[in-house]
Amino acid sequence: MKVIRILAQIVLLFVFYFIGEWIRGILHLSMPGSIIGLLLLLAALSLKVVSLKWIEDGSNVLLAYLPFLLIPATVGVMNFTSIFKGKELILVLITIISTVITMIASGHASQFLAKYAKRKKEDASWKKHSSQSQ
């Protein structure tokens, strides 16, 4: 039964992907359909049209196999090493700079979310305390 539920959740995720591809084709957008599908999924989750329970197990299965999906892209890059010859220093600098930017952005995002969660928890406890005192 769990396998069927996971397959159904993966199908739901693919539905969002196909809708994104359809929108991209209809509107002739340069943005990939998969990104449009992810934005639609984000909107559906935010508006509570789709419950997280409906996709959670299926997305966890897909995330577990994600590294295997990246192997063909890595092998493809390795086939074109001539493009990178003589540019080692700039590639190292780009890698370092992008890693630092990612770390900074992740740190700020996590601090923002932690403060937001703390504020939300304090507001909830304040409302609970004020309703009990009345």
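The values are calculated or read from the model by the stated rules, or taken from the named source; none is laboratory data. All figures in this text were calculated on a predicted structure; none of them were measured in a lab. Here Cβ is always computed from backbone atoms with ideal geometry, including for glycine, and neighbour counts include all displayed protein chains.
Return yes or no: is residue 82 more than 30 Å from residue 2 (Cα to Cα), of a type in the set (Ser, Thr, Tyr) and surrounded by 10 or more Cβ atoms within 10 Å (Cβ to Cβ)? Please lay out each step first, then the result.
Details: more than 30 Å from residue 2 (Cα to Cα): yes; of a type in the set (Ser, Thr, Tyr): yes; surrounded by 10 or more Cβ atoms within 10 Å (Cβ to Cβ): no.
No, not satisfied.
Confirm whether residue 40 is aliphatic (A, V, I, L, M), touching a Phe, Trp or Tyr at 6+ places or on another chain (Cβ under 6 Å) and at pLDDT 90 or above. Spell out how you get there, then give the answer.
Details: aliphatic (A, V, I, L, M): yes; touching a Phe, Trp or Tyr at 6+ places or on another chain (Cβ under 6 Å): yes; at pLDDT 90 or above: yes.
When the stated conditions are applied, residue 40 passes them.
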Sort out which residues of segment 1-47 are of a type outside the set (A, V, I, L, M, F, W, C) and surrounded by 10 or more Cβ atoms within 10 Å (Cβ to Cβ), and write them in order of number.
5, 9, 17, 20, 21, 24, 25, 32, 33, 34, 37
Residue 54, sole failed condition from (1) at pLDDT 85 or above; (2) surrounded by fewer than 10 Cβ atoms within 10 Å (Cβ to Cβ); (3) aromatic (Phe, Trp, Tyr):
(2)
If you scan segment 28-66, which residues turn out to be under 21 Å from residue 1 (Cβ atoms) and not in a loop (DSSP other than H, G, I, E, B)?
52, 53, 54, 56, 57, 58, 59, 60, 61, 62, 64
Restricting attention to segment 84-94, does a residue exist that is at pLDDT 90 or above, outside any helix (DSSP H, G or I) and farther than 20 Å from residue 10 by Cβ?
no
Read through the list (1) in contact (Cβ under 8 Å) with a residue 40 or more places away in the chain; (2) under 15 Å from the mean Cα position of the chain (by Cα), then give the number of the only condition that residue 54 fails.
(2)
